[in-house]
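The values are calculated or read from the model by the stated rules, or taken from the named source; none is laboratory data. This one's a predicted model, so the numbers in the text were calculated from it and none came from an experiment. Neighbour counts are summed over all protein chains in view; Cβ atoms, including those assigned to glycine, are modelled from backbone coordinates with ideal geometry.
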Amino acid sequence: MTPPPRRRPDDEEGPWERWRLGGAALLCWTFLVGAVLLERAVGPVPGVVALFALAYLAGGTFAAWGALTDLFTHRTVNVDLLMVTAAIGAAAVGSWAEGAILLGLFSSSNALEHHALGRTRRAVRALMELSPQVATVLRPEGELTVPVEEIRLGETVLVRPGERVAVDGVVIGGETAIDQAAITGESVPVGKGPGDPVFAGTINGSGAVRVRAEKLHQESTLARIVAFVAQAQEQKSRTQRFTDAFEGRYAVGVLLFAGGLAVVPPLAFGVAWGEAFYRAMTLLVVASPCALVISTPASTLSALANAARHGILFKGSNHLEDAGALQTVAFDKTGTLTVGRPSLTDIVVLDPGGIWDEARLLRLAASAERLSEHHLGEAIVRAARERGLALAEPEGFRAIAGKGIVAEVAGETVVVGNDALFAEFGATVGTAARAEADRLRSDGKTAIFVGDALGPAGILAVADTVRPGAAAVVRRLRAQGIGRVVMLTGDNGRVAAAIAARVGIDPADVQADLLPEEKLAVIAGLQRAGPVAMVGDGVNDAPALAAATLGVAMGGAGTDVALETADVVLM
């Protein structure tokens, strides 16, 4: 018969249970120390035995109750019974102190396990409290305050200043700044406007916004994070599963062997009964697995809770052991080693002495790009707004696929794009401009010419910037014994090489132009040399995350499939 798992505190146990177990362990040690000191001071007086007996009661009552419950209810023998029997045996042969020490260690381990698990559950409750209970929904009959569970997909939710966002969705009206540190880990509020995503549990700033619900309450990013933490505390590591399976058989074996040692020698070899009993009790004391019982549950639960406090969510304690065995770490590039959003990196004025300067170049380019839906155009507009430049409304906007855009801004024709676009106006890109553009491209940046119908007046460079701290992470991984750090990306080789150089990844460990199935094949190849972690955040990373020894998803706001596939989520 398979023994039931070791008892763990259930969901209803609160602070009182932890105080009860902790207090019992403290009393056990207090009475034990008092008995030892009294015995040394005045000898083996009756008061010494009384103090030892109190130590036994304090440290052994809960263990004895649990052992008897399992014995008579489940018909199983567990390590609790072994520990209590060993302590009683120690007392029977006069070794009160040794038995009390066993019970003190055992009761302390139970108290530590309850405390560690309680911290994890408190973290779960704190996460759950981030989500508001009610929200304001705009329906045909007006503004209604409804429970968040009743919000339907596609409904519009009004989020007033200072309120928490109730659902994962998209802003469809208004502008604000939202503190989303609890979900994405970003330390400063993030500006939000129409088309921007928002997450349940984040805090709205000073502006009111209307949000279209894209997910139900129970499917939000926050709800998934809560589920991850709850799932992690229920899963056991391989070591802990082995311990649970081993301890029942071990306890039965030791008890049977001790019983045989007490009975067989007197009957078969004429050994005195008292001597045989003493040897059997000594065996019980020596064989009590204090370290085995204390170490695994408390250490794994404490590690899970500590990781959660630092924004690292393990979906199970078995993944802690996987992390300790890694030999290779593979990173996706976009959104992992980099920020994942293009930003303006360079403004180059080709004729500094003329009418064009950096501010004019960026202002006209951003004004022309205001109607563009291209991600590079959005980066230019965002950079201009961050610099406080006043943008004009473009007229006659035209987007030419594969080349760029043309628009009239304040009566001027503004051309933003590549050299082929300027060629349509009969203009040429000079040698110096081409050389400057090639220099920027060699750094992994996208070079965009800006000018008028006569030709380019300057160049804007846009790139996905390296995530702060990425290079330090690569260095620390190597310092901690990771043999290889690899980059796997679907981007082109030139961009990949430029990013790898900035973060310290060897050129030989960069693989670019990969499709999702090719990333999967690379991970499989790396695993032949040892355990591999894959770190990513996108849909295209999901197969590799699932195949790796340890899949790590970047950010609670990553794609759904990446979060569900990964073993660890970095907030």
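One line per residue, one yes/no per condition, for (1) surrounded by 15 or more Cβ atoms within 10 Å (Cβ to Cβ); (2) under 27 Å from Lys192 (Cβ atoms); (3) of a type in the set (Ser, Thr, Tyr):
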site	(1), (2), (3)
Arg387	no, yes, no
Glu393	no, yes, no
Lys403	yes, no, no
Gly411	no, no, no
Val416	yes, yes, no
Glu424	no, no, no
Ala433	yes, no, no
Leu440	yes, no, no
Ala461	yes, yes, no
Working only within region 497-519, note down all residues that are out of contact with any Leu (no Cβ under 9 Å at 6 or more places or on another chain) and in a helix (DSSP H, G or I).
Ala497, Ala498, Ala501, Pro507, Ala508, Asp509, Pro516, Glu517
Please pick out the residue among Thr334, Thr345 that is touching a strand residue (DSSP E or B) at 6+ places or on another chain (Cβ under 9 Å), part of a strand (DSSP E or B) and closer than 25 Å to Phe449 by Cβ.
Thr345
Can Ala529 be described as in a helix (DSSP H, G or I) and surrounded by fewer than 20 Cβ atoms within 10 Å (Cβ to Cβ)?
no
Scan region 476-491 for residues that are surrounded by fewer than 20 Cβ atoms within 10 Å (Cβ to Cβ) and under 11 Å from Ile505 (Cβ atoms) and report the count.
3
Where residues in region 250-262 are in contact (Cβ under 8 Å) with a residue 12 or more places away in the chain and under 42 Å from the mean Cα position of the chain (by Cα), which of them is surrounded by the most Cβ atoms within 10 Å (Cβ to Cβ)?
Ala251
Take the residues in region 205-258 that are modelled with pLDDT of 75 or more and hydroxyl-bearing (Ser, Thr, Tyr), then tell me which one is farthest from Val148 (Cα to Cα).
Tyr250
Can you tell me which residue is modelled with the highest pLDDT among those in region 393-406 that are touching a Lys or Arg at 6+ places or on another chain (Cβ under 8 Å) and of a type in the set (A, V, I, L, M)?
Val406
Being modelled with pLDDT under 90, β-branched (Val, Ile, Thr) and closer than 20 Å to Leu454 by Cβ: is that true of Ile312 here?
no
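Yes or no, residue by residue, for (1) under 33 Å from the mean Cα position of the chain (by Cα); (2) at pLDDT below 80; (3) closer than 30 Å to Ile203 by Cα; (4) assigned to a strand (DSSP E or B):
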| site | (1), (2), (3), (4) |
| --- | --- |
| Thr76 | no, yes, no, no |
| Ile88 | no, no, no, no |
| Glu98 | no, no, no, no |
| Ile101 | no, no, no, no |
| Ala111 | yes, yes, no, no |
| Gly162 | yes, no, yes, no |
| Ala166 | yes, no, yes, no |
Within region 534-549, which residues are surrounded by 24 or more Cβ atoms within 10 Å (Cβ to Cβ) and modelled with pLDDT of 80 or more?
Met534, Val535, Gly536, Ala544, Leu545, Ala548
Within region 489-498, residues being touching a strand residue (DSSP E or B) at 6+ places or on another chain (Cβ under 7 Å) and closer than 22 Å to Pro543 by Cβ number 2
